[in-house]
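Readers should treat all values here as calculations from the given coordinates under stated rules, not as data from a laboratory. Everything numeric in this text was worked out from a predicted model, so none of it was measured. As a convention, Cβ positions derive from the backbone with ideal geometry for all residues, glycine included, and neighbour counts pool all protein chains shown.
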Amino acid sequence: MLWSLCLLLAAGALGAPLSKARPKLLLISFDGFRWDYDRDVDTPNLDQMARDGVKAAYVTPPYITITSPAHFTLLTGRYVENHGVVHNMWFNTATGQKKPYYQTLHEGEWWDTGTLPIWITAQRQGLKAGSLHFPGTAVSYQGEVPFRQEQEPPLHNYQNETIWQQKTDKVMGWFRHDDLDFVSLYFGEPDSTGHLYGPDSPQRRQMVAQVDRAVGYIRQSARRHGLSDLLNIIITADHGMSTVHRRGTVEEIILAKIPGFSFQDVSFHLVDYGPAGMLLPKPGKLETVYAALKGAHPHLHVYRKEELPQRLRFSNHPRILPIVLFADPGYLINGYFPVQINRGEHGFDNQEMDMKPFFRAVGPAFRQNLEVGPFETVNIYPLMCHILGIQPEVNDGHLDATRDMLVSRGARASLSSGETVNYQHNAFVGLSAVAGFLLVVFVVLVLQKILLKKKRRESSRNVPEDKQTGF
Ligand SMILES: *[C@@H]1O[C@H](CO)[C@@H](O)[C@H](O)[C@H]1NC(C)=O
Ligand SMILES: [Zn+2]
């Protein structure tokens, strides 16, 4: 009886706090936050976060460097050709139909391609996930959705700082009151301001200062909700931003003006969308279209889909059209005439430094005051799975790219990251249980000895032993 009591005490005392201490993770994207945006703005909160956690020099997004494809890479760890969300716009080459960005966020067929975002994988392994405004949130995946799921309404004000604070408090409430394990949270800035005024504008710098205040608010809100010891926070973005050359100062790329090229030879096209484009030539016209465009402009790159440089990982998907175009930084691809008015753009080659986003992380899983080298954003997914202790789906990233930033770097074996976590977790639980058990046994033995001495002294009284120990 004494020993079973000891076991019960050990299990009870150690079991409760351990299960409560399951790590939580918040993934935040500030759309279009370029890696170097903190260099010309005072950012006390981002600086504090770097001292308290990890800062990467920069990260490399997948190609194509636009919002929905790059966010789906964050959620899945797959390159764009492997997850299939190849554009911000849903399109159908048979009917010629296209749907704009916001409408495409609600187009289930566009997102539910067989690659599972981390919310669904986490929930299938017993965790609870949520997502607020993160691209990909509005639809279901194989019939499943995150436990908490909100997409912003149309005409949402992406700039309003009060709304940013309300979003932050809502997410912290999900962690605190609904006991969510993972949440992804999206802010539409500084992308909009970068597009409108350009990345070198004072307006962009002001918006970065607002992002910095938001980072301070996020960490303060986590403390207010009692989450500091449990919550890991990763802050990153989908792509950077590059200044567009002013109209009239350079020779613009206008496809209709290129000799030998005719839109008559094309049955479907996606152009007038920043520096990237795709064309579906009519039957028998592929070589004509290709030959006309190739070399037609010194800043226009033209590829047959299968000839695209392998490093771009943007060939091997049926949604990618037979001819892929992209322009050098500063240039846009126009169809019939220039209609694009943005002073800043993204969508360029992911090798360009202007396309690289920032990366920061803080929380109990992360080392402090550590600056790490650059890595590809496909590696954020296995890192997140490792922190959450879940088995990742097949993906293009690897924990080795980010392992050094972790407090507990895990077993360097051929184990996959999920197994590493389970091994560590089990070892920790095991050791804690043994230590706790030994402590309880020690206390019980000491008490028993004291009581026995006492009993010997009070030899005149005759009390049954089990009553003495039944405290
Ligand atoms: C920002 O949002 C808050 C809360 O919805 C609202 O009260 C306020 O008027 C908004 N401010 C601006 C400048 O739109
Ligand atoms: Zn974006």
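Here is how the numbers come out for the structure above:
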read-out: Of Lys98/Lys285; Lys98/Lys170; Lys128/Lys167; Lys98/Lys257, pairs whose Cα-Cα distance is over 26 Å; value: Lys98/Lys170
read-out: Added length on full extension, which subtracts the Cα-Cα distance from 0.36 nm per residue, Gln159 to Glu109; value: 15.0 nm
read-out: Cα centre as origin, Lys/Arg/Asp/Glu Cβ charges: the range 322-407 dipole, Debye; value: 320
read-out: Label-point separation in nm, Gln125 to Arg247, each point 7 Å along Cα→Cβ; value: 5.1
read-out: Residue-span extension gain [Gln142 to Ala21] - 0.36 nm each, minus C-alpha spacing; value: 40.5 nm
read-out: Computed over the range 255-341, the ratio Rg/Rh where both radii use C-alpha atoms and Rh is Kirkwood; value: 0.93
read-out: Selection from Val271, Leu300, Leu312, by position along the positive dipole direction of the range 255-341 (Cβ); value: Leu312
read-out: Spin-label pair Ser228/Asp200, simplified geometry with 7 Å Cα→Cβ offset, distance in nm; value: 4.3
read-out: Residue order, fewest to most beta carbons within 10 Å, for Met405, Met353, Met89; value: Met353, Met89, Met405
read-out: Positive minus negative residues near Ala122 (Lys, Arg vs Asp, Glu; Cβ under 9 Å); value: +1
